[in-house]
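Okay, so here's the structure we're looking at.
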Amino acid sequence: MTPHLPALNFAPELLLLAQDVKVVFFDVDGVLTDGGLYFSEYPPGDARIAPQADAPRAAETIKRFNTLDGHGIKLLQKAGITPAVITGRDNAALRSRLQALGVTHAHFGTEDKRPAAESTLKELGLGWSEAAFMGDDWPDLPVMRRVAFSCAPANAHVEVKALATYVTEARGGDGAVRELCDLLMVASGRYASLLQEYTQ
């Protein structure tokens, strides 16, 4: 059987900037999701509703994740690149999704993202020159300015896109994460061999 040749190409200068990346940090809302926040209200009498009469009605946050992104994160790990998450929010749906993807480095409810990234880098024995970050809004800028490779989805804020090394064609929650994962795998030299496992 003729070997399947990869159809994916990235500019050599991008691959050069990304070739030493060993850890990639992801924001969640607007990156791993489309940035929308869906709230479902609990029905009256539900045990999860606060008992105080004047308390607001309780609600559950619902998030939509993309399976292309999820598989990309799994492939990153096969390529020897550690995925990590830093997000200003925290909920059960997100924790469940990250657990399913095998993401063990995560900071929840973190508005100041630089110290969180520094903590993970120290834990992994890595430096900023070995890190990438994907974000979409101003709270992501302090980390994006320090990493070797910064990325923004197509729907990111204009200031974030202006600072990013690379802006994806896809929007957050619609394959943008996978696009970055693919780029990092190509830069690491592992993309073709990982693809080959699926095309034999």
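Laboratory data are not the source of any read-out in this text; all were calculated from the coordinates shown. A quick note: this is a predicted structure, and the numbers were derived from the prediction, not measured. All Cβ positions, even for glycine, are placed from backbone atoms using ideal geometry, and neighbour counts span all protein chains on display.
Among residues that are more than 20 Å from residue 172 (Cα to Cα) and either over 12 Å from the mean Cα position of the chain (by Cα) or among the polar types (S, T, N, Q) (or both), residue 96 is not included. Of all residues in the range 137-160, those being buried (at least 17 other Cβ atoms within 10 Å of the Cβ), of a type in the set (D, E, K, R) and either outside any loop (DSSP other than H, G, I, E, B) or touching a strand residue (DSSP E or B) at 6+ places or on another chain (Cβ under 6 Å) (or both) number 1. Just give me the residues in the range 9-20 being more than 17 Å from residue 167 (Cβ to Cβ) and surrounded by 12 or more Cβ atoms within 10 Å (Cβ to Cβ), in sequence order. Residues satisfying the conditions are 19, 20. Applying the criterion of being in contact with a Pro (Cβ under 9 Å, 6 or more places away or on another chain) and of a type in the set (A, V, I, L, M) to the residues of the range 21-44, the residue that is surrounded by the most Cβ atoms within 10 Å (Cβ to Cβ) is 31. Among the residues of the range 75-120, those that are part of a loop (DSSP other than H, G, I, E, B), free of Cβ contacts under 8 Å to residues at least 40 places away in the same chain and within 16 Å of residue 23 (Cα to Cα) comprise 102, 103, 104. Count of the range 56-74 residues, restricted to those that are closer than 14 Å to residue 32 by Cβ and in a loop (DSSP other than H, G, I, E, B), is 4.
Residues of the range 135-179 that are out of contact with any Cys (no Cβ under 6 Å at 6 or more places or on another chain) and among the aromatic types (Phe, Trp, Tyr): 138, 149.
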